[in-house]
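None of the figures in this text is laboratory data; all of them are computed from the coordinates on show. Note that the structure is predicted; figures quoted are calculated from it, not measured. Because the Cβ atoms are built from the backbone with ideal geometry, glycine has one as well, and the counts that use them run over all protein chains shown.
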Amino acid sequence: MKKCRIPLLILVLAILGFSYLLAPIVIVVLAGLNSGDFLSFPPKGLSLRWVIAFLQSEKYLSSFFFSFRLALMTMVISTVLGTMAALYLSRQTRIWRGVLQSFFLSPVVLPGVVVGFSIYAFFISTEFPLVRTIWGLWVGHILYSTPYVIGTVGAALAAYDLSLEEAARSLGASPVRAFFKVT
């Protein structure tokens, strides 16, 4: 088997690109380890003072765990809904696939301000207002994150050969078993 060699220019560009993406994270971590009384970069010295203050603050910890629970719930539901939608789209004819993909991926294409205002307007106009509730926040996050799952799973399913699942079904596998074992 022939080894794939990556050209040096591409390797250097990839390292520069990843460094550019990771630099803000490194700066934030270093700023959080600052021993001074105020945020400054570069830090005056390194200390765990602000990390300990964060871990001892009930206000910050409760906010962190609220955000974590919201993200976890959003991830689970978005993954399930997005995977189901991508599977459905991968089995559609070309005409309907384009229309449905445009509909499902519209929150990603539209500016975030437009999507946020539309969700807010919908929430205040419904019979059960969801403004300033955990459910409204959760639904908004799901509506905004599901298209990313649809795009990612849809890209993986673009090269999927449906005849493999059909072969499993013709050999006696139930639709559910064929889906979980083959797809």
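Observations, loosely collected:
- For the chain, the 222 nm mean residue ellipticity estimated from helices alone, with every DSSP H stretch of n ≥ 4 adding -39500 (n - 2.57) and the total spread over all residues, rounds to -25000 deg cm²/dmol.
- Rounded to the nearest 20, the Cβ-based charge dipole of the chain about its Cα centre (Lys and Arg +1, Asp and Glu -1) stands at 500 debye.
- Trypsin sites (Lys or Arg not before Pro) within segment 93-183, DSSP loop, no more than 14 other Cβ atoms inside 10 Å: Arg132
- Taken along the Cα-to-beta-carbon direction at a fixed 7 Å, the label points for Ser106 and Ala158 span 2.3 nm.
- For the chain, the residue among Pro42, Thr83, Pro175 whose Cα projects farthest onto the positive side of the dipole built from Cβ charges is Pro175.
- Förster radius 45 Å - calculated FRET efficiency between Ser40 and Ser174, Cβ distance, rounded to 0.05: 0.10
- 5 angstrom amide H check on Asn34, placed H, neighbours 5+ away: Ser47
- Sequence-separation-based contact order of segment 1-56, relative, with Cα cut under 8 Å and 6+ spacing, percent: 22
- Distance from the Cα centroid of segment 92-128 to that of segment 36-52 is 43 Å (rounded to whole angstrom).
- Highest-MSF residue in the chain out of Tyr20, Tyr60, Tyr120 [GNM, Cα springs under 10 Å]: Tyr20
- Extension gain from Val80 to Tyr120, taking 0.36 nm per residue of separation minus the Cα-Cα distance: 12.0 nm
- Reported label for calculated log10 I(q)/I(0) by the Debye sum over Cα atoms at q = 0.10, 0.13, 0.18 Å⁻¹ given (i) -0.75, -1.05, -1.19; (ii) -0.39, -0.65, -1.18; (iii) -0.43, -0.72, -1.24: (i)
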